[in-house]
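Engineer: Okay, here's the structure, questions in a sec.
What follows is calculated from the coordinates using simple rules that are stated; it is not laboratory data. No experiment lies behind these values; they were computed from the predicted model shown.
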Amino acid sequence: MLNSMRPPTDNLYKFAAIFGLVLVGFGTWLFNQQSNRYIDAQVRASESLMETWIEIYANEALRKLLQDQMVRVRNGDMIYGLSLKASELEGVNEEQVLAVRKFEFIGHASAIEIQRVEAYRFPIAALISIGALLSGAGFSLWWFRVQRYQDIILRSQTEEEVPEEIQDGPANVGRRWDDAEEEKLIDGFNNKKSFKQLSKDHGRTPGAIRSRLVKLGLLEYPDSWKQKK
């Protein structure tokens, strides 16, 4: 009866679960990489702004222009013609224009980097989600279609009993051993009763009797099982 209850191979389910975990791990690594790139781009733009700020601090109109452009950079928007706009402002000297041009170059590059990071956010989130779903499905299928049946088979092989879900057996198959029943078993074993008789007395299979005696320290597994017939 047990031979006809063979669970399907679990290789596919395990592969799906492990592959899903790999996707989650890879997606998390990508997310961290992109987060670092985003932070680096923001830091570069901020540092460049501070350096430029020192050069143009005396010109209020130029300071306001840079503030507005910095907001655009942090949002990932391109900045074009900033140095040209700065040169058209009143009271701006050549050194200030050069400082603004340097900020324009760094800010433009930072905005491009921020745009790239933003573009990768959805694919990375989708990758992590797919990996999590695949891993969850793989582990669930493995448990419900494979492992629980293997547990039944392993339990029946260990105790030499046929589960009630598969075939009727002795009255007490699968029930817990209480203290009184264990004492009764110890007395019967010490009185040299056979496994067959102990099985009848307790309503359990001979395999279950042997397993309980091993657990109680009265038998050594498995050689001593041959001591009684």
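Engineer: Can you work out the Karplus-derived ³J(HN,Hα) for every residue in the range 185-196? Use 6.51 cos²θ - 1.76 cosθ + 1.60 with θ = phi - 60°, whole Hz, and x for glycine or proline.
Structural biologist: After applying 6.51 cos²θ - 1.76 cosθ + 1.60, I find 5, 4, 5, x, 5, 5, 8, 6, 6, 6, 4, 5 Hz.
Engineer: Another question, if that's okay. So what are the radius of gyration and Dmax for the Cα set of the range 20-109, in Å?
Structural biologist: 17.0, 61
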